Amino acid sequence: MKPSKYNNIQVALHWVVALLVLFMLIMGTFVLAQTPNSDPSKLAGLRGHMVFGGVILLLTLVRLVWRRMSAQPDHAETGNALLDRLGIAAHFGLNLLTLLVAASGIGLAFQAGLPGIVFGGQGTLPPDFWAYTPRIAHGVLTKLLAALIVLHVVGALYHQFIIKDRLFARIWFGKRDM
């Protein structure tokens with residue numbers, strides 16, 4: 001028999017990753033992207049962005065492995081086959097985009113020499129990160145991720161308040177029924 005909700009480790013990983021991704025999207029868009037590379041404060045911002053990005057990558061990989069190793073509840077259903085398939089695809093897309101955003105960030109960091117600059121104090125930031133192809137991918141992927149997060153939240157609210165299937169209880173802490 002399948003459990004009625006996700007286990008507490010999955011719940012914790014979900015919410016920690018969700019909050020970190022939201023924080024990173026906001027900081028990347030409204031702080032880092034707006035701060036010139038010539039501004040000395042950019043180094044501290046990039047340092048945090050790179051560290052938190054690494055944490056998100058690691059936790060996402062842990063989430064995926066943990067998911068494979070533990071019993072999962074059935075996919076939430078809406079009563080509409082198309083919406084149900086879109087929900088499954090959205091969850092897959094959230095994980096995939098999170099991994100691709102991290103990969104493009106890593107690619108950008110290495111092409112621009114950021115590990116040595118940001119963590120080792122060796123050199124200065126390049127004048128423009130847009131000169132590097134992974135920056136273009138990072139920008140596009142983060143926008144797609146943000147859009148999919150909005151759809152994910154709308155879907156969760158639809159389940160909780162329109163269908164009234166208590167979806168939020170599945171992804172919150174507590175005892176699981178088997």
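Of the residues making up the stretch 134-148, those that are in contact (Cβ under 8 Å) with a residue 24 or more places away in the chain and either under 15 Å from Gly28 (Cβ atoms) or surrounded by fewer than 18 Cβ atoms within 10 Å (Cβ to Cβ) (or both) number 9.
Restricting the first member to the stretch 157-178 and to residues that are touching a residue at least 12 places away in the same chain (Cβ under 8 Å), and the second to residues that are open to solvent by 100 Å² or more (accessible area, probe 1.4 Å), the beta-carbon pairs closer than 6 Å and six or more apart or on different chains are Met178/Met1.
Of the listed requirements (1) over 17 Å from the mean Cα position of the chain (by Cα); (2) in contact (Cβ under 8 Å) with a residue 60 or more places away in the chain; (3) under 30 Å from Lys164 (Cα atoms), Arg47 misses just one: (3).
Scanning the stretch 158-178 for residues that are part of a loop (DSSP other than H, G, I, E, B) and open to solvent by less than 80 Å² (accessible area, probe 1.4 Å) gives Asp165, Ile171, Gly174, Arg176. Listed by position, the helices (runs of 4 or more DSSP H) enclosed by the stretch 1-116 that each have at least 1 residues that are of a type in the set (D, E, K, R) and under 30 Å from Tyr132 (Cα atoms) are 41-69. Suppose the filter is more than 23 Å from the chain's Cα centre (by Cα) and surrounded by 15 or more Cβ atoms within 10 Å (Cβ to Cβ); does Gly113 pass it? Yes; evaluated as a whole, the condition is true for this residue. Cβ separations smaller than 7 Å between residues 6+ apart or across chains give the following pairs from the stretch 19-42 residues that are in contact (Cβ under 8 Å) with a residue 12 or more places away in the chain and over 18 Å from Leu100 (Cα atoms) to residues that are surrounded by 11 or more Cβ atoms within 10 Å (Cβ to Cβ) and of a type in the set (S, T, N, Q): Lys42/Thr35.
Counting the residues of the stretch 45-61 that are open to solvent by less than 60 Å² (accessible area, probe 1.4 Å) and of a type in the set (A, V, I, L, M) gives 6.
Look at the stretch 88-111: where a residue is within 17 Å of His138 (Cβ to Cβ) and a partner is open to solvent by less than 80 Å² (accessible area, probe 1.4 Å) and not in a helix (DSSP H, G or I), sitting 6+ places away or on another chain with Cβ atoms under 6 Å, you get Leu108/Tyr132; Gln111/Tyr132.
The values are calculated or read from the model by the stated rules, or taken from the named source; none is laboratory data. This is a predicted model, so every value here is computed, not measured. Note that we place each Cβ from the backbone using ideal geometry, even for glycine, and neighbour counts take in every protein chain shown. Only protein heavy atoms, including side chains, enter the accessible area calculation; ligands, DNA and RNA are left aside. Shrake-Rupley method; radii C 1.70, N 1.55, O 1.52, S 1.80 Å.
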